[in-house]
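The values are calculated or read from the model by the stated rules, or taken from the named source; none is laboratory data. These numbers come from a predicted model, not from an experiment. In this analysis, Cβ positions are derived from the backbone assuming ideal geometry, glycine residues included, and neighbour counts consider all displayed protein chains.
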Amino acid sequence: MNGTLSLVLLLVFLWGLYSQRIARVELTAPATFVLLGLLLAKGIGVLDLAPSPETVRGLAEVTLVGVLFTDAARLSFRALRPELGLYARLLLLGLPMCIGLGTLLAVAVLPGVTGWAALYVGAALAPTDAALGAAMMVDPIVPARIRRLINVESGLNDGIATPVVLLALAGVAAAAEGGSDVHASGHAVVELTIGLAYGAALGPAAGWLLRSALRRGWAAEDVAGPSILALALLSYTSALAIGGNGFVASFVAGLGFGSTHGAPRRVLLFVEQSASLLSVLVWLLFGAVVLPAAFGHLTWQAALYALLSLTAVRMVPVAVSLIRSDLDRNTVLFVGWFGPRGLASIIFGLLAVEELHPPASTAIVPVVALTVLLSVLAHGLTSAPLARRYGRASATTGAGPAGPDLPVRGMTPGGP
């Protein structure tokens with residue numbers, strides 16, 4: 001056990017040492033750790049990862065809490081206001097259409113996947129992860145407005161999709177156990193409502209308290225970061241204690257905190273880096289444990305769904321939601337393609353593994369795993385060349401209004 005843990009920590013340390021050089025060969029942190037997990041666990045056999053279900057669930061839950069809170073906290077409403085119309089189009093029109101289209105496709109393509117299970121697949125694969133296109137997200141040749149649009153969408157759509165995923169999981173679990181899926185989904189709705197209300201109260205209140213303490217000199221910025229990390233975890237655990245959904249509470253609390261406090265980078269950096277460290281452990285676990293287990297249950301229908309999920313299911317809703325916007329066709333295609341499936345989808349898959357039992361889990365989790373794997377490869381390889389091509393084209397047509405860049409989630413050069 002100590003040897004395995006030491007090897008994992010060594011990999012993270014070496015990544016930190018050589019991240020810039022690795023980035024030059026178009027390898028993002030997710031791609032690097034997925035490939036390392038596969039190679040060391042199944043290729044060479046020196047990485048023996050056999051975590052207990054409790055460990056897997058704990059890592060997934062803590063990572064998702066960190067990601068949801070920090071993604072929301074770094075986006076204040078003031079920062080969103082200049083392009084609010086575009087964000088609303090993608091999140092309030094494009095995202096629901098993506099979930100709906102993904103659900104319908106799951107029913108049509110995947111054998112034995114209907115109802116709640118189809119909704120789970122559609123919702124679990126709807127969130128995007130800008131970190132998989134890190135080369136594009138930190139390349140100044142791409143207009144800042146477009147990078148910001150993709151970044152904001154990625155930061156918020158996982159939190160919006162989370163309630164749908166959890167509701168669908170409750171329905172699948174109840175149906176598999178022979179219980180009432182209506183009762184289970186009704187209970188889940190109550191939990192989601194409590195979590196929403198609790199997070200909406202906690203986040204702004206905590207933001208106001210921290211802002212006041214910093215202004216009056218009561219708090220030191222050096223320890224403000226750890227206190228915010230504690231707040232993110234508190235939003236989850238305390239919401240569970242009062243019967244609410246902790247994930248929704250964390251996301252909404254992060255939104256309220258960021259909008260109240262303004263989420264300065266120097267204060268949030270510690271929390272972002274902590275979440276990034278957990279995320280690379282999830283990517284390593286994905287490559288070493290989840291993918292090998294999923295390979296035994298893959299079908300041609302799953303492969304077809306994965307390809308369509310990364311193309312039509314993403315790009316058609318984006319194109320429809322951006323009709324009559326001021327974005328040209330090349331920009332719409334660019335934004336549509338850069339909808340990588342990543343960390344949130346993996347964590348949703350891990351939660352499904354822990355919540356469900358075969359055959360329910362083996363019918364849907366491999367589809368999520370394969371889609372994420374293809375996305376890691378496709379978006380990682382195309383990020384830099386497509387960014388250069390689009391950037392050169394946009395320079396001749398005008399980049400649109402400028403604005404401040406936002407930090408990119410993930411342990412990437414140029415990001416946190």
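Going residue by residue through segment 50-60, is there one that turns out to be of a type outside the set (Asp, Glu), more than 19 Å from the chain's Cα centre (by Cα) and more than 30 Å from ALA249 (Cβ to Cβ)? Yes, segment 50-60 contains at least one residue that is of a type outside the set (Asp, Glu), more than 19 Å from the chain's Cα centre (by Cα) and more than 30 Å from ALA249 (Cβ to Cβ). Among residues of segment 155-166 that are of a type in the set (A, V, I, L, M) and at pLDDT below 90, those with a beta-carbon under 8 Å from a residue that is outside any helix (DSSP H, G or I) and surrounded by fewer than 24 Cβ atoms within 10 Å (Cβ to Cβ) at least six positions away or on a different chain give the pairs LEU156/LEU75. One residue stands out in segment 233-283 among those that are within 19 Å of THR162 (Cβ to Cβ) and aromatic (Phe, Trp, Tyr): the one that is surrounded by the fewest Cβ atoms within 10 Å (Cβ to Cβ), namely TYR236. Residue count for segment 95-115, restricted to those that are more than 21 Å from the chain's Cα centre (by Cα) and either surrounded by fewer than 24 Cβ atoms within 10 Å (Cβ to Cβ) or hydroxyl-bearing (Ser, Thr, Tyr) (or both): 10. Every condition in (1) touching a Pro at 6+ places or on another chain (Cβ under 8 Å); (2) without any contact (Cβ under 8 Å) to a residue 24 or more places away in the chain holds for ALA230 except the one numbered (1).
Can you confirm whether VAL152 is within 16 Å of the chain's Cα centre (by Cα), in contact (Cβ under 8 Å) with a residue 24 or more places away in the chain and surrounded by fewer than 24 Cβ atoms within 10 Å (Cβ to Cβ)? Yes.
Of all residues in segment 209-227, those that are loosely packed, with under 12 Cβ neighbours inside 10 Å and touching a residue at least 12 places away in the same chain (Cβ under 8 Å) total 1. Would you pick out the residues in segment 17-32 that are in contact (Cβ under 8 Å) with a residue 12 or more places away in the chain and either surrounded by 15 or more Cβ atoms within 10 Å (Cβ to Cβ) or small (Gly, Ala, Ser) (or both)? Of everything in segment 17-32, those that are in contact (Cβ under 8 Å) with a residue 12 or more places away in the chain and either surrounded by 15 or more Cβ atoms within 10 Å (Cβ to Cβ) or small (Gly, Ala, Ser) (or both) turn out to be SER19, ALA23, GLU26, LEU27, THR28, ALA29, PRO30, ALA31, THR32.
Yes or no, residue by residue, for (1) farther than 30 Å from PRO204 by Cα; (2) at pLDDT 80 or above; (3) basic (Lys, Arg):
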position	(1), (2), (3)
LEU49	yes, no, no
GLY66	no, yes, no
PHE77	no, no, no
LEU93	no, yes, no
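When every residue of segment 249-268 is checked against the conditions, none turns out to be in contact with a helix residue (DSSP H, G or I) (Cβ under 7 Å, 6 or more places away or on another chain), free of Cβ contacts under 8 Å to residues at least 12 places away in the same chain and under 16 Å from THR193 (Cβ atoms).
Any residue at all in segment 334-342 that is buried (at least 16 other Cβ atoms within 10 Å of the Cβ), part of a loop (DSSP other than H, G, I, E, B) and in contact with a His (Cβ under 6 Å, 6 or more places away or on another chain)? Checked segment 334-342: at least one residue is buried (at least 16 other Cβ atoms within 10 Å of the Cβ), part of a loop (DSSP other than H, G, I, E, B) and in contact with a His (Cβ under 6 Å, 6 or more places away or on another chain).
Filtering segment 61-87 down to residues that are under 17 Å from the mean Cα position of the chain (by Cα) and acidic (Asp, Glu), which residue is nearest to ALA384 (Cα to Cα)? Filtering segment 61-87 for residues that are under 17 Å from the mean Cα position of the chain (by Cα) and acidic (Asp, Glu), the one nearest to ALA384 (Cα to Cα) comes out as ASP71. In segment 193-237, of all residues being aliphatic (A, V, I, L, M) and farther than 20 Å from VAL267 by Cβ, the one that is nearest to the chain's Cα centre (by Cα) corresponds to LEU196.
With respect to VAL368, determine if the residue is surrounded by 21 or more Cβ atoms within 10 Å (Cβ to Cβ), over 23 Å from VAL280 (Cα atoms) and either modelled with pLDDT of 90 or more or among the basic types (Lys, Arg) (or both). Answer is no for this residue. Taken as a whole, the structure leaves ILE194 outside the set of residues that are aliphatic (A, V, I, L, M), in a loop (DSSP other than H, G, I, E, B) and surrounded by fewer than 24 Cβ atoms within 10 Å (Cβ to Cβ). Take the conditions (1) touching an Asp or Glu at 6+ places or on another chain (Cβ under 8 Å); (2) over 25 Å from ALA253 (Cβ atoms); (3) modelled with pLDDT of 90 or more; ALA135 misses just one of them, which is (3).
Could you list all residues from segment 372-416 that are modelled with pLDDT under 85, surrounded by fewer than 17 Cβ atoms within 10 Å (Cβ to Cβ) and part of a helix (DSSP H, G or I)? Once the filter is applied, which keeps residues that are modelled with pLDDT under 85, surrounded by fewer than 17 Cβ atoms within 10 Å (Cβ to Cβ) and part of a helix (DSSP H, G or I), segment 372-416 yields LEU381, ARG392, ALA393, ALA395, THR396, THR397. Listed by position, the helices (runs of 4 or more DSSP H) enclosed by segment 238-323 that each have at least 3 residues that are among the β-branched types (Val, Ile, Thr) and under 21 Å from the mean Cα position of the chain (by Cα) are 265-285, 312-321.
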